[in-house]
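I have a structure I would like to understand better, so I am pasting it below and will then ask my questions one at a time.
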Amino acid sequence: MGITVKNLCFTYHGSSKKVLDGVNLKIEDGDFIGVVGPTGSGKTTLLYCLNGLIPNSIKGKFYGEVLVDGVPTTSCKVSALAKKVGIVFQDPDWQLFSVTVKDEVAFGLKNLRMNRVEERVREALKTVGLEGFEDAEPYRLSQGQKQMLCIACVVAMQPKTILLDEPTSNLDYKNTKNVYGLLRRLNREEGKTIVVVEHDTDLLAEYAEKILVINDGKIVKNGSKEEVFSDCRLLENLGIKIPRGWF
Amino acid sequence: MVALSTLSLIVGWSLLYITPIFFSVLASIFVFRVYRKLLGWLKFLVIAGLLILAVQTFTYSGFGFSFEGLFYGVSFALRFLTLILLVFIFVHTTPTRKLVEAFSFLPYPLSFMLMLSLNMLPRIEDLAKTIVNAQKARGLNFKTLNVFKVYPPILIPLLSKTLEKSQQLALALQTRGFE
């Protein structure tokens, strides 16, 4: 079923600028989409709309419709949507809060009253390669491990779609590769839909399949990576780096 | 001679009850190997102790020196230090996990709130360090004792950043099914 966005407009409370302005979008199951655009163009806001944080938790003027599996996000709670759409926020330090890695992953499962908690925790940690860290303190992990743990927390809830907001902005090259390798595995082997906001177009050229270019709250271009990255003039105008080997 | 014997009597009395406790606490600092961490606080503790002693000594019976004041001064200073050292040992020998487990008899939202705030402390501490370094790099003079000049440039960014991050944390909790 995927996620359908129909004519979405959003203005944050207390501001007059339309952060999203007439966005129409269809995300199919199994897509690997990279979202690019200048800072402040509404990438993060779009992600928040896709999993119902907007308008359920973040208030503002919301027009249009976001349908997750055919159900509008306005009619269900964020916690209910968490089973379908998971999100990894930008800063790992402020989304990890538990005393142990095990508890961190189990937190969402317990809240959603899922069964087989222990087993799912083990599976999720195995998927991201954090076996053996069950009793470690999340805050003491390395940056790369923290990011992997954030992903594990989402993967454990087994949503169909995973949204990531600049997952590699403070990681070194090796960990960045690890994260994207994991995303590719989740996408190809488990059929998860991945939507990732990323500044590094080289990475997207390598891993993503579709690219979404956003500027000033509007979708400027939406298509396969070949289609988008060959439009050098558009990327140049928006100040987006053209990936190596595409010009 | 009389003065000396009076003094020894006073000191003896004041030390009688509190001293054994104080020294056992002091000894446990070494038993639990937390003395290295204590070094940074030593100056503060000594100053605070002396301050209590001085205030008690000179204000106990009107303004002016009195032996009773000294008696209570020593006693209170030792009590104060005992308490501080006990808390110090407790904090540095108890992992957050154990502390949270001890409070698990509370209703879930309360114990969760406690766990959350205890776990967020190191992050806020790190944030404060970053802000202090940033302000130092921009020439904020920490040697002046003028609290109105030193604290606002640290507390205001710390508070606004913490509020901002706490909102993000709230979003993260919601997306993990917490209501």
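B:P157: assigned to a helix (DSSP H, G or I), surrounded by 15 or more Cβ atoms within 10 Å (Cβ to Cβ) and modelled with pLDDT under 90, yes or no?
no
Listed residues B:T82, B:T94; which is of a type outside the set (D, E, K, R) and under 30 Å from B:A3 (Cβ atoms)?
Sole residue among the options that is of a type outside the set (D, E, K, R) and under 30 Å from B:A3 (Cβ atoms): B:T82.
Look at the stretch A:125-140 and say how many of its residues are away from chain B (no Cβ under 13 Å) and assigned to a loop (DSSP other than H, G, I, E, B).
Going through the stretch A:125-140 one residue at a time, the tally reaches 5.
Within the stretch A:107-142, take every residue that is among the hydroxyl-bearing types (S, T, Y) and closer than 26 Å to B:S117 by Cβ and give me the one that is surrounded by the most Cβ atoms within 10 Å (Cβ to Cβ).
It comes out as A:Y139.
Can you tell me how many residues within the stretch B:156-179 are touching a Ser or Thr at 6+ places or on another chain (Cβ under 7 Å) and more than 8 Å from every other protein chain (Cβ to nearest Cβ)?
Summing the residues that are touching a Ser or Thr at 6+ places or on another chain (Cβ under 7 Å) and more than 8 Å from every other protein chain (Cβ to nearest Cβ) in the stretch B:156-179 gives 0.
If you don't mind, there's one more thing I want to ask. Before we move on, is A:V117 more than 28 Å from A:C49 (Cβ to Cβ), in contact with a helix residue (DSSP H, G or I) (Cβ under 8 Å, 6 or more places away or on another chain) and without any contact (Cβ under 8 Å) to a residue 12 or more places away in the chain?
Criteria met by A:V117.
A further question follows. With the structure loaded, tell me whether B:N146 is of a type outside the set (V, I, T), surrounded by fewer than 16 Cβ atoms within 10 Å (Cβ to Cβ), over 30 Å from B:V55 (Cα atoms) and away from chain A (no Cβ under 12 Å) or whether it fails that test.
No: the conditions fail for B:N146.
Report, by residue number, each residue of the stretch A:107-118 that is assigned to a helix (DSSP H, G or I) and of a type in the set (D, E, K, R).
Listed by number, the residues that qualify are A:K110, A:E118.
Now for a different question. Does any residue of the stretch B:45-55 turn out to be of a type outside the set (A, V, I, L, M) and either over 30 Å from A:S98 (Cβ atoms) or not assigned by TED's automatic domain parsing to the domain that holds B:L169 (or both)?
yes
Still on this structure: Just the residues that are within 29 Å of B:P95 (Cα to Cα), aromatic (F, W, Y) and either crowded, with 16+ Cβ neighbours inside 10 Å or at pLDDT below 80 (or both), please, taken from the stretch B:36-60.
Answer for the stretch B:36-60, where residues must be within 29 Å of B:P95 (Cα to Cα), aromatic (F, W, Y) and either crowded, with 16+ Cβ neighbours inside 10 Å or at pLDDT below 80 (or both): there is none.
Tell me yes or no: at least one residue of the stretch B:95-110 is more than 14 Å from chain A (Cβ to nearest Cβ) and more than 30 Å from A:F107 (Cα to Cα).
No, the stretch B:95-110 has no match at all.
Take the stretch A:57-71 and flag every residue that is more than 8 Å from chain B (Cβ to nearest Cβ) and either without any contact (Cβ under 8 Å) to a residue 40 or more places away in the chain or under 30 Å from A:A136 (Cα atoms) (or both).
A:V71
Here is a further query. Working only within the stretch B:126-179, note down all residues that are closer than 30 Å to A:L163 by Cα and under 21 Å from the mean Cα position of the chain (by Cα).
Residues satisfying the conditions are B:D126, B:L127, B:L158, B:L159.
While we're on this one: In this structure, does A:N51 turn out to be under 17 Å from A:V196 (Cα atoms), out of contact with any Pro (no Cβ under 6 Å at 6 or more places or on another chain) and within 14 Å of another protein chain (Cβ to nearest Cβ)?
Yes; evaluated as a whole, the condition is true for this residue.
Sticking with this structure for a sec: Could you tell me whether any residue of the stretch A:143-151 is among the charged types (D, E, K, R) and away from chain B (no Cβ under 14 Å)?
Taking every residue of the stretch A:143-151 in turn, none turns out to be among the charged types (D, E, K, R) and away from chain B (no Cβ under 14 Å).
State all residues of the stretch A:17-59 that are of a type outside the set (D, E, K, R), part of a strand (DSSP E or B) and surrounded by 17 or more Cβ atoms within 10 Å (Cβ to Cβ); if no residue qualifies, say none.
Result: A:V19, A:L20, A:V23, A:L25, A:I27, A:F32, A:I33, A:G34, A:V35, A:V36.
Those residues that are more than 10 Å from chain B (Cβ to nearest Cβ) and either loosely packed, with under 15 Cβ neighbours inside 10 Å or assigned to a loop (DSSP other than H, G, I, E, B) (or both), I need them from the stretch A:72-106; list them, please.
Residues satisfying the conditions are A:P72, A:T74, A:S75, A:C76, A:K84.
Can B:F65 be described as over 24 Å from the mean Cα position of the chain (by Cα) and surrounded by fewer than 16 Cβ atoms within 10 Å (Cβ to Cβ)?
Criteria met by B:F65.
With the requirement that a residue be buried (at least 18 other Cβ atoms within 10 Å of the Cβ) and either at positive phi or more than 22 Å from the chain's Cα centre (by Cα) (or both), what does the stretch A:207-230 give you?
Within the stretch A:207-230, just A:G217 meets the criteria.
Could you say whether any residue in the stretch B:114-122 is of a type in the set (S, T, N, Q) and either exposed (fewer than 13 other Cβ atoms within 10 Å of the Cβ) or over 23 Å from the mean Cα position of the chain (by Cα) (or both)?
Yes.
For the stretch A:107-121, state whether one or more residues are under 21 Å from B:Q168 (Cβ atoms) and either more than 13 Å from chain B (Cβ to nearest Cβ) or hydrophobic (A, V, I, L, M, F, W, C) (or both).
Within the stretch A:107-121, one or more residues are under 21 Å from B:Q168 (Cβ atoms) and either more than 13 Å from chain B (Cβ to nearest Cβ) or hydrophobic (A, V, I, L, M, F, W, C) (or both).
If only one of B:S111, B:S66 is without any contact (Cβ under 8 Å) to a residue 12 or more places away in the chain, among the small types (G, A, S) and in the same structural domain as B:L51 (by TED's automatic domain parsing), which one is it?
The match here is B:S66.
The values are calculated or read from the model by the stated rules, or taken from the named source; none is laboratory data. These figures come from a predicted structure and were not determined experimentally. Glycine also receives a Cβ, built like all others from the backbone with ideal geometry; neighbour counts cover every protein chain displayed.
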